[in-house]
Structures are given as structure tokens and as C-alpha cells.
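Notes for the one structure printed next.
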Amino acid sequence: MKIGIVCYPTFGGSGVVATELGKALASEGHQVHFITYSQPARLDFFSENLFYHEVSVRNYPLFDYAPYESALASKLVDVVRFEQLDVLHVHYAIPHASAAFMAKQILSSYGIHIPVVTTLHGTDITLVGKDPTYKPVVTFSINQSDGVTTVSEDLKEDTYRHFEITKEIKVIPNFIDFSRFSLQAKDHFKKAIAPNNERILIHTSNFRKVKRTEDVIRIFEKVQAVIPSKLLMVGDGPERVYNEQLCRSLNICENVRFLGKQDAVEEILSVSDLFLMPSESESFGLAALEAMACKVPVITTNAGGLPELNVDGFCGYMSNVGDVEAMAAHAIEILKDDETLNRFKENAFTRAQDFDLKKILPGYINYYKEVIENS
Ligand code: GMT
């Protein structure tokens, strides 16, 4: 198949899933065309089946806001016509699903039919999409898609709850590529971070409010008071400065390292003992799955799709949003002795295998075929 993929080219979960999916499809022999405003962050290797088409937005003094959606739709028309694509797969509804709809209409005037699959990732529904600013466009463009997928059952239910959707939604969960995410020997790095063999806790995110990074710091403050430990904060975003100030006021700076955005997250996960994800909402929790693949157990909330990933008491624990006390107690429970920690580590790896790329990829390929056939 010739597949066009539209996504945010950033480190965000939807962009990562879209890019990893495209890479996997290309290695199965499909021709994959990424259509984005810059090279996707994880598009880091050459393959004869991978193509990248940049959407450039022409600015003009009249524009307070450059019309990205129109530029994207025009580029889609061009790429679908010229490359003769079989299907367009857009990740994150806003504004990709409506741009795809516009492109589809324009293409039909050339006698070209292009099926569109929209994958909803989370905040495009739970936070941004249901805001009246975007809701009518999001509802319309989901209903106009030839196929719609969500990354969890919970997000599917949320979509039906908040929007008048007439389409059937297919759930295809996030996946993990074990050839990249697996435990690596990084003892020198571990020694540098934890010279006295302290436990290492880790959080990775875009430091937005929805991630409740303040809870990460407050959980860690309680853990380090009982168990010698270090915290690695990976990523960057609006809450980071405030979190750094909080560490100062709690007097725990010497045990907390803010590492900023990192390419090789799997190397940092490989030296970690416990992952913290106290999110307000999380449609799936890809970052937690990446941790589990590297044998890192997870402390999460029970929000959104997290119960579809985390198995309470097996590969980690779940608590109500904001229950810092419970999350700290669970963290201490896992970290208290090597035997318990090693059991949770092995269980995390076992659970991650349910989301192996090899198991999930055929779901997308079969869905494309079904949508192409029925549209
Ligand atoms: O987590 C984010 O804020 C980034 C966001 C995105 O769309 O880029 O991630 C969402 O999509 C991921 C991949 O499907 C999911 O694993 C994340 O749970 C989801 N984030 C939220 O729902 C907050």
C-alpha cells in the first residue's frame, strides 16, 4: 500500500505513535509518505520506502495567524495526486482531520477518491476537541472520516460521550518496538546518577498541567525521606520552571535532576527503578509503556485509559488523581527490597509484551484494507 501519514512531528505521544507506525509499515514493504511541517522527531533512519513532504506555510503581513490548515490541505492534494496514495492516515484530529476532509473534497473534483483514517489520541478529544472553539469542526471531520480509531476503550467511550458520532470507532492501542525499547547495560550512567546505589525514580512528559508534574515532586519528596533515592525529570514544558522552584523550597534539589528533552529515553529508562505518571487524564499512557518495556514498574493514576495498561499490584499500582499519599506509599512498597522490586520489574516487562509492535501492527494494516475496500 501507499500510505500518507499526517501528524505533529514532535516528541508528543501522537507524533511518536504516528512515526513509529510509519517506520514499521515501511519495514513491512509499504510505501509511507509523512506530510508534516517539519521532519518528525523519531524519523531518524533511511529507508527506500519512507518519504517526507514538508508543509510550508507562506506568511503574509495580513495574517495574524498563518493558515496552516489550508497549507496542509493543499499539500495533501498535491501528494495524493502525485504519489497516487491509497489511504491517508491522520493522527490527532485538530486540524488534521478537517484538512484531510478538505483535501478529499478537492481531490474528488479531479476524479480521485482517497479514503481517510483518523486516529484520536487523547487531548484532541478530552481537552481541546470538546472545547466549543473546535467542537463542531472536530465532530464533523470525525464523522466524515472513512475510518476512525482510538488508542483505548476509554477514549472511544469519551468520544461517543462528548461528540455526536455516527461512525463506528475501532480501538487500536499504543504499541512498543522492543528492538528499541528494552533494558540496556548502562552501569556507568547509573553510577553517575546514583553513586551510593540509591533507587532511581523517573518521570518523562511534556510538563503540561495535565501531567500533574507537581505531584511527581511531592511523591518523590515522601519516597526519598524513607528510601535513599534520586529522581530524573525528563522532558520540558510549561510546568518545569515551577517544578524546579518547588524542589528548591522542599530542599530536595540534590536528589532531583531535570534532564530536559532527550532522544535516547530508553537509555535513561534502563537505569531507572520506578516510573511516576500521576496524570489528570491519559488516553493510554505511552510513556508508561516505554518504561515497562525497559523493565521499569509504574505508579500511575487510574485516569482515562491507564487501567487498560497498568495492572494494579502486578506491574505497578494505580491511585485516584491527586492522591499523593497513596502513590508515595505504593512507590515505597515496590522499592522497599530487591526481591519485590525485581518481581515488579519482570512483571512490567511481561505486561509490556501484550503491546508488542508485532502484535498491534497487523491491526492497522487490516483496518486500512477494510477501509479502502468499503469506502
Ligand atoms: O500526552 C500528551 O500530552 C501528548 C499526547 C499527544 O497526542 O501527542 O499524547 C496522547 O497520545 C498518546 C499516544 O496515543 C497517549 O499515549 C497519551 O496518553 C495521550 N495523552 C493524553 O491523553 C494526555
Report summary line: Between residue 57 and residue 28, the two model label points (7 Å from Cα along the beta-carbon direction) sit apart by a distance in nm of 3.3 nm
Report task. Using per-residue counts of other Cβ atoms within 10 Å, averaged over each peptide, order 329-339, 41-51, 167-177 from highest down. Result -> 167-177, 329-339, 41-51
Report task. Would you mind putting 5-14, 363-372, 134-143 in packing order, based on average other-beta-carbon counts within 10 Å, highest first? Result -> 5-14, 134-143, 363-372
**Report entry** Rounded D (µm²/s) - the chain, Kirkwood Rh over Cα pairs, Stokes-Einstein at 4 °C, 1.567 mPa s
**Finding:** 60 µm²/s
Query raised in the report: How far, in nm, would the chain grow between residue 171 and residue 48 when pulled straight, counting 0.36 nm per residue and subtracting the alpha carbon separation?
Result: 41.3 nm
Report task. Could you list the square roots of 5 times each eigenvalue of the Cα gyration tensor of region 16-140, that is, the equivalent ellipsoid semi-axes, sorted largest first and rounded to whole Å? Result -> 23, 18, 16
Query - Distance in nm between pseudo-label sites at residue 336 and residue 225 (7 Å out along the Cβ direction from Cα) - result: 1.8 nm
Query - Value of relative contact order over the chain, rounded to a whole percent, pairs C-alpha under 8 Å and six or more apart - result: 13 percent
Report summary line: Sequence order, region 276-292: Karplus ³J(HN,Hα) from phi using 6.51 cos²θ - 1.76 cosθ + 1.60, θ = phi - 60°, Hz rounded, Gly and Pro as x, gives 10, 9, x, 4, 5, 8, 7, 5, 9, x, 4, 4, 5, 5, 4, 5, 4
**Report entry** Under 5 Å, built H, 5+ apart or other chain: amide partners of residue 356
**Finding:** 176
Query raised in the report: Taking every DSSP beta bridge that has both residues in region 253-375, what percent is antiparallel when rounded to the nearest 5?
Result: 0 percent
Query raised in the report: What FRET efficiency comes out for the pair residue 346/residue 109, r = Cβ-Cβ distance, R0 = 45 Å, nearest 0.05?
Result: 0.20
Query raised in the report: Residue separation times 0.36 nm, minus the C-alpha to C-alpha distance between residue 81 and residue 253: what's the value?
Result: 56.4 nm
Report summary line: Which residues qualify? For residue 230, with a placed amide H closer than 5 Å and at least 5 residues away or on another chain, they are 199, 200, 201
Report summary line: With the convex hull built on the alpha-carbon atoms of region 187-355, volume per residue in Å³ sits at 100 Å³
Requested in this report: Compute the acute angle (0 to 90°) between the alpha-carbon long axis of helix 213-226 and the principal axis of greatest extent of the alpha-carbon atoms of the chain; round to the nearest 10°.
Outcome: 20 degrees
Query raised in the report: Taking a threshold of 19 Å on the Cα-Cα distance, which of the pairs 186/230; 211/261; 2/369; 167/358 fall above it?
Result: 167/358
Report summary line: The Cα extents of region 83-160 along the principal axes, largest first and rounded to whole Å, are 37, 25, 17
Requested in this report: Find how much the distance from residue 373 to residue 153 grows on full extension, using 0.36 nm per residue of separation minus their present alpha carbon separation; answer in nm with one decimal.
Outcome: 76.7 nm
Report task. Please give, to one decimal in nm, the separation of the simple spin-label points placed at residue 65 and residue 188, each 7 Å out from Cα toward the Cβ. Result -> 5.0 nm
Query - Förster-model FRET efficiency, 35 Å R0, residue 314 and residue 164, C-beta, rounded to 0.05 - result: 0.40
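Quick note: the coordinates plus some simple rules give every number you see, no bench work behind them. Everything numeric in this text was worked out from a predicted model, so none of it was measured. No Cβ is skipped: glycine too gets one built from the backbone with ideal geometry, and neighbour counts run over all protein chains shown.
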